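Beneath this line is the structure, given in structure tokens, with notes to follow.
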Amino acid sequence: MNRIRPVVVSAVALFAVASLSACGDMAGGAQGPQHGEAGHKMLQVATVDGVGAVVTDADGKTLYRFDKDMSQPPTSNCDGDCTKSWPPMLAGVATPMLKGIQDTQVGTVTRKDGSKQITLNGWPLYESAADKVTGDMNGQGANGTWFAVAPDGSKITAKSKAGGAGY
């Protein structure tokens with residue numbers, strides 16, 4: 001009888017630790033949508049020749065920030081027709097997955113239409129409708145107000161050597 005008690009106590013303790021670990025994974029988004037599933041959002045870092053580290057979405061498309069937005073407090077000023085050329089990166093149903101981005105830098109801002117847009121260091125993030133394939137940077141420097149985003153949320157002012165494309 002005395003030998004069974006330590007085995008039972010050990011099994012209960014192991015179960016408790018495993019259960020708590022699973023809860024921690026869920027809180028970290030591990031139980032959320034996976035890559036390619038509906039609701040999945042990702043911020044990751046890609047390297048562009050002559051430009052350096054650039055933030056992209058799950059498909060490798062360059063993400064941009066708008067100089068007319070504000071980071072403190074986070075404010076999006078691209079609405080209406082602007083969003084046709086610069087679709088906002090809207091928050092999904094789960095916390096975004098991050099690769100090379102600090103989770104403390106990522107947040108959301110409520111847009112005028114009530115949707116939630118992902119921010120990086122307070123700056124709302126957008127895609128460019130002019131970018132058609134992975135690696136395009138056709139929105140870089142557009143109108144002197146649209147710039148690719150660095151992993152810390154700062155704007156990248158360098159031009160891609162490939163004339164707007166080139167991962």
Condition first: within 14 Å of the chain's Cα centre (by Cα) and either outside any loop (DSSP other than H, G, I, E, B) or modelled with pLDDT of 95 or more (or both). Now tell me which residues in segment 32-52 satisfy that. M42, L43, Q44, V45, A46
Can you name every residue in segment 131-157 that is of a type in the set (V, I, T) and either under 16 Å from G60 (Cα atoms) or at pLDDT 95 or above (or both)? V133, T134, T145, V149, I156
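The values are calculated or read from the model by the stated rules, or taken from the named source; none is laboratory data. Not measured: the values here are computed from a predicted model.
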